[in-house]
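The values are calculated or read from the model by the stated rules, or taken from the named source; none is laboratory data. Values in this document were obtained by computation on a predicted structure and should not be read as measured data. Virtual Cβ from ideal backbone geometry, glycine too; neighbours counted across all protein chains shown. With ligands, DNA and RNA removed, areas are computed over all heavy atoms of the protein, side chains included. Shrake-Rupley method; radii C 1.70, N 1.55, O 1.52, S 1.80 Å.
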Amino acid sequence: MRVLLLHNYYQQAGGEDTVFEQEAALLRQNGVTVETLTFTNQTFDGSWLGNTQSAIQAFYNTTSAQRLSDVLDEFRPDVVHIHNLFYTASPAMIMVARQRGIPVVMTLHNYRLVCANGLLMRTGQIPCEDCLTSTVPLSGIRHGCFRDSPTQSAHLTLLTSAHRLLNTWKQVNRFIVLTQFARQTFLRSSLHLKPEQISIKPNSIPDLGYTPFSTRADFFLYIGRLSSEKGIQTLLDAAQTHAFPLRIIGDGPMKGLVQEAARKLSHVEYVGAQPRQAVWDNLRQCRAVIVPSLCYEGLPTVILEAFASGTPVICSDQKNLNQIVQHNETGLLFKTGDSDDLVRTLQLPADLENLAQNGYQQYQANYTPERSFEGLMEIYRGVTATALKPVPTI
């Protein structure tokens, strides 16, 4: 099997970059012949001319198309797997590959194809599905959902809508999503995809080793971005009314509020952003990790890391999250945005050791690198098994 992995790096590093790099390494470790083709958004230099030129090219970048064409000639892949094509790569990647009859797989790390924000939320409304079923969603433009800019939101909306009308997204042989919730959400969206076009293949992380409760300290842990959609205010409100030991790891726009809470409340400790190894060490030490998100999330790495280390998860019952964490089985759920219910849940006489063991079993069954590799290969074999015909140039 020869696989071309394609990815467009954003100007700021993110989780998609990590998954792309991890899956490239995973495939190579298992004997798959892999080539990578990467792009960056450096041409968006902040100047009016640079941004205008880049915005136009984002609809169909001829330079990027030629780069892909050259790689296809030299490498001759069996499948092209796209992780991100915004903006320099552009949807040209799909069209060039399919014009040659090469099957295309695309991982949907977020909801960008149907939501300008990409996360199905906007300021003042979390979550938000206003644009989910609209062929040309104007709500995202009106609210400036992308980077708080109506202009940039309009550009992104026109880009995704134009290629929706051109059926570019339907040329993708198989989309990969991370959860059943994401699959159902895309199936009822304006993309009008067929059920067989969307497969579920979760991300993976290494086994962090089950840590028994006899060796753990007595504190709860939050790991992640310090922002409103992550439920930080709910967490701080709970800490204000109930003195449970809490350690917070992360950075973000609500950092000031977290620092203030740590100064005023002796049971709250803020340690800032930490390297991955330090995060894992804290997971192995804590009593449980708290995930108070208000938004749908995708497949939070912190939950996978908790499962992989035998750490119980206390999580908001938001849609999608309540499918990843099962109440009283692999964790505990509380009412989304309800700090009083979070406090009540923390005080429940739950068997945390049993929850941790169940979570670790969930990790072994679904989120190991081995399971991820099997899932990828099953998808690749599926899209290459059927004889493909080149898609004519539009």
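Post the alpha-carbon centroid distance, the range 266-327 to the range 134-193, in whole angstrom.
29 Å
Can you sort D17, D317 by solvent-accessible area, 1.4 Å probe, largest first? Present the calculation step by step, with values, prior to reporting the outcome.
Numbers: D17 10, D317 60 Å².
Largest accessible area first, the residues go D317, D17.
Restricting to DSSP H runs of at least four residues, report the calculated mean residue ellipticity at 222 nm for the chain, -39500 (n - 2.57) per run over all residues, nearest 500 deg cm²/dmol. Kindly include the intermediate steps, with their values, before the conclusion.
Details: 15 runs with 158 residues, N = 394.
About -12000 deg cm²/dmol.
Under 8 Å for C-alpha pairs, at least 6 residues apart: give me the relative contact order for the chain, rounded to a whole percent. Present the calculation step by step, with values, prior to reporting the outcome.
Details: 730 pairs, mean separation 57.8, N = 394.
Here the relative contact order equals 15 percent.
With the full set of protein chains in place, find how many percent of the accessible area of the chain is carbon and sulfur; take the probe as 1.4 Å. Could the numbers behind the result be given before it?
Working: 8390 of 16950 Å².
Answer for the chain is 50 percent, counting heavy atoms of protein chains only.
Between R344 and R147, what is the spin-label point distance in nm, taking each point 7 Å from the Cα along the Cα→C-beta axis?
The answer from the label model is 4.4 nm.
Could you work out how far apart the two model spin labels at R2 and N322 are, taking each label as a point 7 Å from the Cα in the direction of the beta carbon, and quote it in nm?
4.9 nm
Report, in debye and to the nearest 20, how large the dipole of the chain comes out about its Cα centre when Lys and Arg carry +1 and Asp and Glu carry -1 on their Cβ.
Computed charge dipole of the chain: roughly 880 debye.
Say the dipole of the range 302-359 comes from +1 at the beta carbon of Lys and Arg and -1 at that of Asp and Glu; which of A308, N322, L355 then lies farthest toward its positive end?
N322
Could you check the simple spin-label distance between R188 and Q22, using points 7 Å along Cα→Cβ, in nm with one decimal?
With each label placed 7 Å out from Cα toward Cβ, I get 2.9 nm.
Once you have the Cα-Cα distance between E374 and T62, take 0.36 nm times their residue separation minus that, and quote the gain in nm to one decimal.
Length gained between E374 and T62: 108.8 nm.
Rolling a 1.4 Å sphere over the protein heavy atoms, what is the accessible area per residue of the chain, to the nearest Å²?
Numbers: 16950 Å² over 394 residues.
Solvent-accessible surface per residue comes out at 43 Å².
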